[in-house]
Structure formats: C-alpha cells, structure tokens
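Engineer: Structure provided below as structure tokens; questions to follow.
The values are calculated or read from the model by the stated rules, or taken from the named source; none is laboratory data. Every value quoted in this text rests on a predicted model; they were computed, and no experiment measured them. Please note: Cβ atoms are built from the backbone with ideal geometry, for glycine as well, and neighbour counts cover all protein chains shown.
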C-alpha cells in the first residue's frame, strides 16, 4: 500500500514532469514562482535536491521567526529591538546569517528556474513566468542582504562611534546633550565649535528642545569644581588668546591647558570639549550629560547619503570668499560684470565678493552636501545670528528626513558618513534607549529656543543677562516635559 502511494506521489506532474502536458507545466511553474518567493527552499524539497532544500527551509523559518520577534518587540519594547540589532555579539552573527541566506535565496531562484522546465512548453506565458521568478528572487535576495549588511554596519557604527563603558542617566527627568558643530575646513586652523547648542530630551515623553547658544557670548564663567574653573575662577575674560568668546574656549583649552583633563581622551572626549561643557552648564543652568561633536567638514557626506535636502533660501549667499563682500554700484563695464556671479541677483543686490566660487540663489533649492554646507557656514553678506539660524535649519531638515525607511534603505551610506561626522561620549549601552526617545521626539517635533538678540531684545551677546537666560530656558523646558 505504501509503495503504491509513493509511486502515485512520484508520478504527479509536480514531482515527475515527464508525462505532463503544456498546461500542467505552466500551472506547475506558477506554483514554483509562488513557493520560491514565499518559502525559499520548498521547491527544492519537493522537486529537487531535498538536502539543500531542507537547509533552505531551516533558514526560511528562522527568517520568519526573526520577523515575528522583531514585529512583537517593535510593538512592545523598541528599546529591546534596538538592543538586539546593535549589540555586536548578536548583530554580527545575525548579519552574517542573513547574508548567507541572501546567497541561498539567489541560488534557489536560479535553480527554481531550471526546475520549471519551461523549454518543454510553447505557452506564451512562459516568458512572464521566468521573468517573475527572477524579479521575485532578486527582490528577496536584496531584502535579506540589506538586513544583513545593515546589522553589520549598525554593529560597526556603534562600536566605532560610542564609548564602550558607562551609562547615561537623566537629570531631573531630562537628558541634556551638548551639540557642537565644529568646522575644520581646509581654510581653518584647527577645529572650532561655531555652532553650540543643548538638546534637552524628556526621559518620559521624548519631548525635545534645542537650545541654541550664540558662539560670541562673552563674560562667561565655568561650573565651580571643574578643572577649567580653577584656571579662570573669575570668568573667561582674560588670557584667552584673543576675543574671549564662547567658541574660543575649546581651542584655548586644547592649546594651553590640555593637562588639566588627563582622562578626557580615555573617556571619549577632549580637554576643549570638557571645558566648553563646563561653560555651557554655567550658562544654561543645566547638567550636561553627554556631548556630540559634528564635524561640519564631513557633513556633506551625510547629506549626500540621504539624497540631499530641500531648503528655501531667503537671501542669496556666496560660496566661499576669503574677503568680505563689498557693496558697490551696478557695473556698466561688461568686463567688470564678469566678476559677478552668473545671473542678475548679485548685481541687483549691489554686492560683490572678490573670492566667491559662486552663489546660492534665493528661492527653493535642492541642495547636495557641498551646497548645504556653504549655506550653513557662509558668513559673508550676512551676520552670525543669521548663520546660527541657517545651521539650525539645516540640522532640523536633516533630522526630519532621517525617517525609518531612509535609515533602513540607506543605513550603510549614512553610517559610513556618520562615522567620520560624529564624535561623542555617549555610552553604547544607552544608544537603544536614546533611539526610542528620538522616535518619540520626531513625532512631537523639535522645539527651539534661540538665545539671540534678534529673537529677544533682552539678550545681548556683549553683555548677557545670564539669570534671564537661565529663566527663559527653564520656562521652555517646563512647557515640553
């Protein structure tokens, strides 16, 4: 009885195609397309090499199990999901297994095309069937490979960017992270933080407030008890190597007082960052829990990785220019006109920048990384307060564009650019929790507090009222708890 059943099973058109007619062959081919896409390995188990087919089924069931676990964790605990994907001893084997699975999926697709035996039929639909199995196989292999490479990139990015020890704890219910935009372009001597802000995030709701500090604040003091306070007990008003501005603290400390922070490098920081952190704490009245230093020179790579950004330019700005732009009358001489940028806007404005390499036109622009960098850093034909606004504008646009699909599909390029872009002392173990808060913050929107006299006449960089500044910050943080 069993031998008869086995004979009947073996003689079915799906398993034994020798006696099948053209209609049965095409019907069988459509089933192969469906099974190969949904359950890679099942076609080989039924009609081909059962041993390798069972290996494919093992990987396939493991893949579906992983997706179910990931879906469950995304609904119950995103922190646990991020921890799973970013912990090296989990992410690296997981990434390797997915890449192996992608290779198996590609093999199963090509083998399924062979097993269809489409040469035995003259049906007009056989070309469509063959095309579908190739397209579905390519999609599946790309999907598995993307998951694998993303897991490996995420593990490498976390290991190379974040510190390995310690944990980040909220202070009074908030994480306060100092964000420095450092500019180390080829025309700059050393790196200096021209953009200084504090990102304050509620540990409960994820409400985030970006507090922008003018880089030219004066009469600054430091948090008592910190090493830099012993150097400047009466404030950063003398022996600072130039104008005693907020953004000068970084370089002044590195050049002259690096020895006062002997453990800075081992803790993922620098003496300049620690001194600036002390000043920012005193200015804002907030405890700074960590820092992120963004090297604006490498900011171009991140923007290019996400496909550029759309910005509405309110005022035409020169690209480059080592000399200040000068105001002049519209030239009448045709040769003189060639010294202006192409177009008419610069002439209409009456501005001329001798060393400019071009202009960023007024109006809506789609910017690549280079253009966006110059939009954020251009200091000619404008002022520092406008420059600060443009920097925050670019930062906010980039943050809004970094949604989950973009991160998944372009993670390798983003991680590659970010590894050169970011320096931080945030512990790797705290990253999953912060990513969960970042998703919450994105849904709430990023709120801004600008401490400039352009936004508040009571704030004057040359003579700041720090009590008023601290009160304004506290008021805004209370609004977004």
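Engineer: Would you mention how many residues in region 156-188 are part of a loop (DSSP other than H, G, I, E, B), surrounded by 14 or more Cβ atoms within 10 Å (Cβ to Cβ) and modelled with pLDDT of 80 or more?
Structural biologist: 3
Engineer: Sort through 95, 109 and tell me the only one that's farther than 26 Å from residue 129 by Cβ and either touching a strand residue (DSSP E or B) at 6+ places or on another chain (Cβ under 6 Å) or in contact (Cβ under 8 Å) with a residue 40 or more places away in the chain (or both).
Structural biologist: So the residue among 95, 109 that is farther than 26 Å from residue 129 by Cβ and either touching a strand residue (DSSP E or B) at 6+ places or on another chain (Cβ under 6 Å) or in contact (Cβ under 8 Å) with a residue 40 or more places away in the chain (or both) is 95.
Engineer: Restricting attention to region 376-391, which residues are at pLDDT 75 or above and part of a helix (DSSP H, G or I)?
Structural biologist: Within region 376-391, 376, 377, 386, 387, 389, 390, 391 meet the criteria.
Engineer: Note down all Cβ pairs under 8 Å where the first residue falls in region 253-270 and is outside the structural domain of residue 232 (by TED's automatic domain parsing) and touching a residue at least 12 places away in the same chain (Cβ under 8 Å), the second is surrounded by 14 or more Cβ atoms within 10 Å (Cβ to Cβ) and in a loop (DSSP other than H, G, I, E, B), and they're at least six residues apart or on different chains.
Structural biologist: Close Cβ pairs satisfying both conditions: none exist.
Engineer: Scan region 198-216 and tell me whether some residue there is part of a loop (DSSP other than H, G, I, E, B), more than 33 Å from the chain's Cα centre (by Cα) and surrounded by 17 or more Cβ atoms within 10 Å (Cβ to Cβ).
Structural biologist: no
Yes/no per residue for (1) outside any helix (DSSP H, G or I); (2) exposed (fewer than 15 other Cβ atoms within 10 Å of the Cβ); (3) within 31 Å of the chain's Cα centre (by Cα); (4) not assigned by TED's automatic domain parsing to the domain that holds residue 470:
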| residue | (1), (2), (3), (4) |
| --- | --- |
| 237 | yes, yes, no, no |
| 279 | no, no, yes, no |
| 282 | no, no, yes, no |
| 292 | yes, no, yes, no |
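Engineer: Restricting to region 105-117, give me the number of residues that are within 12 Å of residue 140 (Cβ to Cβ) and surrounded by fewer than 19 Cβ atoms within 10 Å (Cβ to Cβ).
Structural biologist: Residues meeting the conditions: 2.
Engineer: Please go through region 79-93 and give me each residue that is surrounded by fewer than 20 Cβ atoms within 10 Å (Cβ to Cβ) and in a helix (DSSP H, G or I), ordered by number.
Structural biologist: 79, 80, 83, 84, 88, 89, 90, 92, 93
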